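Structure first, then comments.
The values are calculated or read from the model by the stated rules, or taken from the named source; none is laboratory data. Computed from a predicted model, the values in this text were never measured in an experiment. Cβ sites come from the backbone with ideal geometry, for glycine too, and all protein chains shown count toward neighbours.
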Amino acid sequence: MSEPTGAARRRGPFKVGDQVQLTDPKGRHHTFTLEAGKSFHTHKGSFPHDELIGAPEGTVVRTTGNTAYLALRPLLPDYVLSMPRGAAVVYPKDAGQILSMADVFPGARVVEAGVGSGALSTYLLRAVGDHGMVHSYERRADFAEVATQNVRRYFGGDHPAWQLTVGDLQDHLSDTEVDRVILDMLAPWECVEPVSKALVPGGLVCVYVATTTQLARTVESLRGHGTFNEPTAWETMVRTWHVEGLAVRPDHRMIGHTGFLVTARRLADGVEPPLRRRRPAKGAYGEDYAGPGTTSLPGNGAV
Ligand SMILES: C[S@@+](CC[C@H](N)C(=O)[O-])C[C@H]1O[C@@H](n2cnc3c(N)ncnc32)[C@H](O)[C@@H]1O
């Protein structure tokens, strides 16, 4: 049986064309592509790529200035954070949540928009595998080009499960029988109707948004559409730890905010969403509530 696309590039001794991530003594990363006859240069000296070609991952190389660098292939989280960017990428912690909580399975038919730099597209392609489908939509041709190059470089060529359409999702979405739709864009509420049409009953939409106003409008739009179950909204925070002898404590710095996630499941056609058993919080839809399009909360915003 042949290996999934890109798998052969992730193991075995280093080969020409592989991505290499060097870690210097201060923990800084440098990423490059291995080419026969080339040299890697830093202000700490240089070394020939040929020293790494055929060597196992985890090798330590020394520059002419005697600085040691650890050579490993970048993991996907390393790769997406170091690749060229058009738009901001979905952070690895959120990509992990999306794959898990949106239940993206091998063979799934997934629609994604926007593509931005292609970080999430790469995660989705790895999750659905060669026999799934990821149809990505991106309104900006220049971002679509950046994403194409990033995805190609990661997999070592075109991925058989990937289609990319340049245009607005709401105008171009033509797929049907879709299992999962993942949205990372400014105004996902504009896409609720076409997304609802594309999804199979039981299918899932997952939306990533950066601000509370987008979060509110997204949830209210999904709730108001009538073809989804009650949306779930959450965020995750990841705190790394310093572990050294007796000094065991959270790191002082963390990425405080990336975004919010919302998921909702598509109901069968003609089914009324079940009534919510819990009443809305007192005042949630009071006289100050101006609808899902509002961009500010009245008073102290507490309801
Ligand atoms: C934050 S970026 C997406 C980043 C991407 N998820 C990644 O991980 O690299 C948002 C992208 O959505 C695109 N976009 C916004 N609205 C869109 C729409 N209605 N249809 C298609 N693309 C859209 C923007 O051009 C932008 O490239």
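Screening ARG265 with (1) assigned to a loop (DSSP other than H, G, I, E, B); (2) closer than 20 Å to SER100 by Cα; (3) basic (Lys, Arg) gives one miss only, at (1).
Hey, can you tell me all the residues within segment 237-262 that are assigned to a strand (DSSP E or B) and surrounded by 12 or more Cβ atoms within 10 Å (Cβ to Cβ)? Scanning segment 237-262 gives PHE260, LEU261, VAL262. The residues on offer are ALA71, ALA141, ALA95, and the sole one that is at pLDDT 95 or above and over 25 Å from THR31 (Cβ atoms) is ALA141.
Quick one: which residue in GLU177, GLU220, GLU235 is touching a strand residue (DSSP E or B) at 6+ places or on another chain (Cβ under 9 Å), farther than 24 Å from PRO92 by Cβ and not polar (S, T, N, Q)? After applying the criteria, what remains is GLU177. All conditions in (1) more than 21 Å from TRP189 (Cα to Cα); (2) within 13 Å of the ligand (Cβ to nearest atom); (3) of a type outside the set (Ser, Thr, Tyr) hold for PRO106, with the sole exception of (2).
The residue that is surrounded by the fewest Cβ atoms within 10 Å (Cβ to Cβ), counting only those in segment 135-153 that are more than 10 Å from the ligand (Cβ to nearest atom) and in contact (Cβ under 8 Å) with a residue 60 or more places away in the chain, is GLN149. Candidates VAL195, VAL166, VAL209, VAL181: the one that is in the same structural domain as ALA147 (by TED's automatic domain parsing), surrounded by 23 or more Cβ atoms within 10 Å (Cβ to Cβ) and under 27 Å from THR5 (Cα atoms) is VAL181. Considering segment 114-129, the residues that are among the hydrophobic types (A, V, I, L, M, F, W, C) and out of contact with any Pro (no Cβ under 9 Å at 6 or more places or on another chain) include one that is nearest to the ligand (Cβ to nearest atom), namely LEU120. Of all residues in segment 42-62, those being at pLDDT 95 or above, closer than 24 Å to LEU81 by Cβ and surrounded by 11 or more Cβ atoms within 10 Å (Cβ to Cβ) number 6.
Residues of segment 1-60 that are under 13 Å from LEU75 (Cα atoms) and of a type in the set (Asp, Glu): ASP18, GLU57.
Here the condition is being among the charged types (D, E, K, R) and within 14 Å of the chain's Cα centre (by Cα); of ARG109, ARG85, ARG62, ARG73, it holds for ARG85 alone. Scan segment 177-200 for residues that are among the small types (Gly, Ala, Ser) and within 15 Å of the ligand (Cβ to nearest atom) and the total you get is 2.
Per-residue answers, yes or no, for (1) within 16 Å of the ligand (Cβ to nearest atom); (2) without any contact (Cβ under 8 Å) to a residue 24 or more places away in the chain:
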| site | (1), (2) |
| --- | --- |
| GLN21 | no, no |
| LYS38 | no, yes |
| ASP78 | yes, no |
| ALA95 | yes, no |
| LEU99 | yes, no |
| GLU112 | yes, no |
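Taking the listed residues GLY156, GLY132, GLY224, GLY203, the one that is more than 16 Å from the ligand (Cβ to nearest atom), within 17 Å of VAL110 (Cβ to Cβ) and touching a residue at least 40 places away in the same chain (Cβ under 8 Å) is GLY203, with no other qualifying.
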